[in-house]
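First the structure, in the form of structure tokens, and then the observations on it.
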Amino acid sequence: MGIFSRCNEAKPIFVGIYSILATGIILSIFFIATSLYSSGYTPFFPFSSPSSSSSSSSSSSSSSSGRYQENGTTSKDTLTMSEYGMTIPIWKTPTGSKFPKLEAFKLTEDMVKSRAKNNVIIVTFGNYAFMDFILNWVKHLTDLHVFNLLVGAMDRKLLEALYWKGVPVFDMGSNMITEDAGWGSPTFHKMGREKVFLINAMLPFGVELLMCDTDMVWLKNPLPYMARYPDADILTSSDQVIPTVTDDSLEVWQQVTGAYNIGIFYWRPTEAAKQLAKEWKELLLSDEKIWDQNGFNDLVHKVLGPSVQGGSTFNGALVYAYDGNLKLGILPASIFCSGHTYFVQAMYKQLWLEPYAVHTTFQYAGTEGKRHRLREAMHFFDPPSYYDSPGGYMSFKPRIPKSLLLGGNHTVDSHFALINYQLKQIRTALAVASLLKRTLVMPAIWCRLDRMWFGHPGIMEGTLTRQPFLCPMDHVFEINVMLKDLPEKEFGPRIEFREYSFLQNPSLPRHVKESILEVDTCDRNSSSCDPFNVTRIDQQGFLHLPQNSTQDELVRVFSSYKDFKVIQFSSMLDVFQGFSDKAMEAKFRNRVQRYVGIWCCVMLRDPGHIYYDMYWDEKPGWKPEPPRTRQDDHPAWG
């Protein structure tokens with residue numbers, strides 16, 4: 001009784017303690033929720049349809065601020081930009097169905113400053129063709145809890161689409177086409193000039209500007225890094241492929257030989273920066289043939305040196321440039337990565353650094369190649385349908401002899417021997433996938449030589465490229481061609497494919513991950529391998545398929561396993577005997593022989609590139625050689 005009595009006496013004390021703790025927890029939740037809302041954070045998947053995302057948030061949106069009425073407008077005739085969305089969290093879609101007047105999206109100082117944080121704004125721009133890249137760019141930033149961003153829309157279609165997605169957008173008034181302009185085209189150059197006009201428009205607002213291309217992603221909040229160098233007028237990325245530093249400091253400017261890349265650069269609203277922006281714009285307006293990046297490089301290099309000494313920055317990190325007054329810093333390519341330092345060299349890994357960004361330069365398959373590289377690195381947010389194809393998927397484990405990977409010197413011959421061995425397996429996989437009407441998960445591809453646009457000794461001297469290395473798919477395959485809608489009458493049905501990392505992507509739904517049929521091959525002459533009764537999965541979970549199965553056998557066997565989301569072959573060697581339907585085979589050959597591109601380039605040869613050949617093994621004596629004449633300069637199918 002004495003013990004229970006003392007417990008009862010202490011009960012009011014514990015009740016008081018519990019009350020204080022409960023109150024503290026409630027207050028903490030309130031303050032966290034308030035800070036997340038005010039910073040612009042709202043959990044949201046950006047690739048759902050506008051209607052679905054709008055409807056899912058309509059109840060909370062309509063009652064939260066009173067700014068919106070049921071028809072999507074305010075009580076005023078014209079919706080101002082601050083009312084439109086500068087104070088509304090990113091990804092929070094407006095209610096109603098009526099689109100505001102265009103005046104609401106005009107770029108103004110109030111708009112920019114209401115979105116800026118610590119006087120910094122992050123900006124990208126594009127047309128509707130880059131909608132998915134733009135959403136990907138925004139999603140990466142908001143996942144990093146960076147919300148001080150704006151997107152410029154170059155066409156009305158993108159403007160409306162981003163508005164309904166809840167992305168802060170402004171109208172650039174460019175009246176740009178909505179299709180992909182293509183690198184190097186006149187429209188591409190026009191888009192580049194818009195960047196210069198935009199910088200000139202925003203610097204007078206007095207904000208610091210981080211200007212980005214849409215084909216890059218942020219992997220780490222870059223703003224603390226930019227703040228390390230407060231004396232810099234401009235901090236720019238570059239195409240440098242040889243490291244000049246091994247830590248995360250700025251590049252040693254005297255050793256940088258690559259062009260300054262304007263896909264990522266940071267501007268402060270200083271007089272020197274404004275003067276450069278003004279002269280840059282005037283230069284481009286004076287000659288429509290000047291590429292915006294070349295113009296920037298020419299102006300900045302008018303004066304280059306000496307190093308900036310003293311001040312609040314690191315001595316020697318900045319350089320006087322342009323007119324001798326502008327202070328310039330070059331961001332390290334190891335962590336503000338190009339397509340080469342990230343996807344080929346993996347420089348950040350070798351130097352044990354954390355990358356801030358990757359820009360999909362140094363690639364060979366247009367916009368499709370850029371998207372695919374980001375997918376390979378699992379840096380691209382696709383809609384749920386991408387990860388759940390109705391017909392299911394097919395993958396295989398490539399088999400490569402050690403001698404092909406590591407034996408002998410790294411030469412053109414050894415590189416093509418390695419690639420060709422893989423091509424033969426991939427060709428078989430494409431055929432099987434087309435028969436089974438499944439999406440092929442491409443294997444990772446090993447290369448012994450790098451690919452560039454000019455002659456080189458195999459890899460770029462001074463780079464950290466290891467041999468052999470996992471090379472991007474666009475080093476070998478024409479991804480843009482693989483995605484074309486080729487006429488089915490001539491080329492057969494399209495063969496869908498996915499990147500090699502697809503099955504490891506966290507976005508892959510569980511019901512796909514857990515629905516895998518493992519397949520290996522067996523000797524059809526053995527007693528345990530019955531080609532007429534391949535319906536049983538063994539105790540280890542494998543289906544045993546007779547080697548060199550016919551077209552009819554493959555279709556018959558796997559018709560019983562359509563419910564499996566993934567069919568995974570242990571190998572593609574000796575899986576398929578070949579097409580019995582010769583018309584189907586002709587269309588397939590016509591299609592897949594266009595899938596492969598070139599390796600470039602042999603030094604001191606013109607032309608110096610060598611064509612890959614999907615059917616190299618059918619040509620006795622085939623050797624990897626550049627075309628002997630311009631008349632011979634065409635692919636095997638040309």
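The values are calculated or read from the model by the stated rules, or taken from the named source; none is laboratory data. Since we're looking at a predicted model, the values are computed, not measured. In this analysis, Cβ positions are derived from the backbone assuming ideal geometry, glycine residues included, and neighbour counts consider all displayed protein chains. For accessibility, only protein heavy atoms count, side chains too; no ligands or nucleic acids. Shrake-Rupley method; radii C 1.70, N 1.55, O 1.52, S 1.80 Å.
Observations on the structure shown:
- Hits in segment 601-611 - residues which are open to solvent by 10 Å² or more (accessible area, probe 1.4 Å) and in a loop (DSSP other than H, G, I, E, B): Cys601, Val602, Met603, Leu604, Arg605, Asp606, His609
- Taking the criterion of being within 22 Å of the chain's Cα centre (by Cα) and in a loop (DSSP other than H, G, I, E, B), the residues of segment 465-492 that qualify are Thr465, Pro472, Val476, Glu478, Leu483, Lys484.
- Residue list for segment 287-316, filter: open to solvent by 40 Å² or more (accessible area, probe 1.4 Å), modelled with pLDDT under 95 and polar (S, T, N, Q): Gln309, Ser312, Asn315
- Meets criteria (within 23 Å of Lys437 (Cβ to Cβ), without any contact (Cβ under 8 Å) to a residue 40 or more places away in the chain, touching a strand residue (DSSP E or B) at 6+ places or on another chain (Cβ under 8 Å) and among the charged types (D, E, K, R)) for Glu553: yes
- Near pairs, Cβ below 6 angstrom, 6+ apart or cross-chain, from segment 396-424 (in contact (Cβ under 8 Å) with a residue 24 or more places away in the chain) to any residue that is part of a helix (DSSP H, G or I) and open to solvent by 70 Å² or more (accessible area, probe 1.4 Å): none
- Every test in (1) open to solvent by less than 30 Å² (accessible area, probe 1.4 Å); (2) in a loop (DSSP other than H, G, I, E, B); (3) in contact with a Lys or Arg (Cβ under 6 Å, 6 or more places away or on another chain) is passed by His410 save one, and that test is (1).
For (1) in contact with a Lys or Arg (Cβ under 9 Å, 6 or more places away or on another chain); (2) assigned to a helix (DSSP H, G or I); (3) β-branched (Val, Ile, Thr); (4) open to solvent by less than 10 Å² (accessible area, probe 1.4 Å), each residue gets a yes or a no:
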position: Phe130; (1), (2), (3), (4): no, yes, no, no
position: Phe133; (1), (2), (3), (4): yes, yes, no, yes
position: Lys139; (1), (2), (3), (4): no, yes, no, no
position: Val151; (1), (2), (3), (4): no, no, yes, yes
position: Leu158; (1), (2), (3), (4): no, yes, no, yes
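- Flag if Tyr356 is touching a residue at least 40 places away in the same chain (Cβ under 8 Å), open to solvent by 10 Å² or more (accessible area, probe 1.4 Å) and hydroxyl-bearing (Ser, Thr, Tyr): yes
- In segment 267-280, the residues that are within 15 Å of His301 (Cα to Cα) reach residues that are aromatic (Phe, Trp, Tyr) and part of a helix (DSSP H, G or I) with C-beta atoms within less than 9 angstrom, at least six apart or across chains, in these pairs: Leu276/Phe296; Trp280/Phe296.
- Residue identified as within 20 Å of the chain's Cα centre (by Cα), basic (Lys, Arg) and either modelled with pLDDT of 95 or more or within 23 Å of Gln363 (Cβ to Cβ) (or both) among Lys190, Lys139, Lys195: Lys139
Let's see how each residue does on (1) surrounded by fewer than 16 Cβ atoms within 10 Å (Cβ to Cβ); (2) at negative phi; (3) in contact with a Gly (Cβ under 7 Å, 6 or more places away or on another chain):
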{"site": "Met442", "(1), (2), (3)": "no, yes, no"}
{"site": "Gly458", "(1), (2), (3)": "no, no, no"}
{"site": "Thr463", "(1), (2), (3)": "no, yes, no"}
{"site": "Pro472", "(1), (2), (3)": "no, yes, no"}
{"site": "Pro493", "(1), (2), (3)": "yes, yes, no"}
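- Residues that are assigned to a strand (DSSP E or B) and either surrounded by fewer than 16 Cβ atoms within 10 Å (Cβ to Cβ) or in contact with an Asp or Glu (Cβ under 7 Å, 6 or more places away or on another chain) (or both), drawn from segment 575-595: Gln577, Gly578
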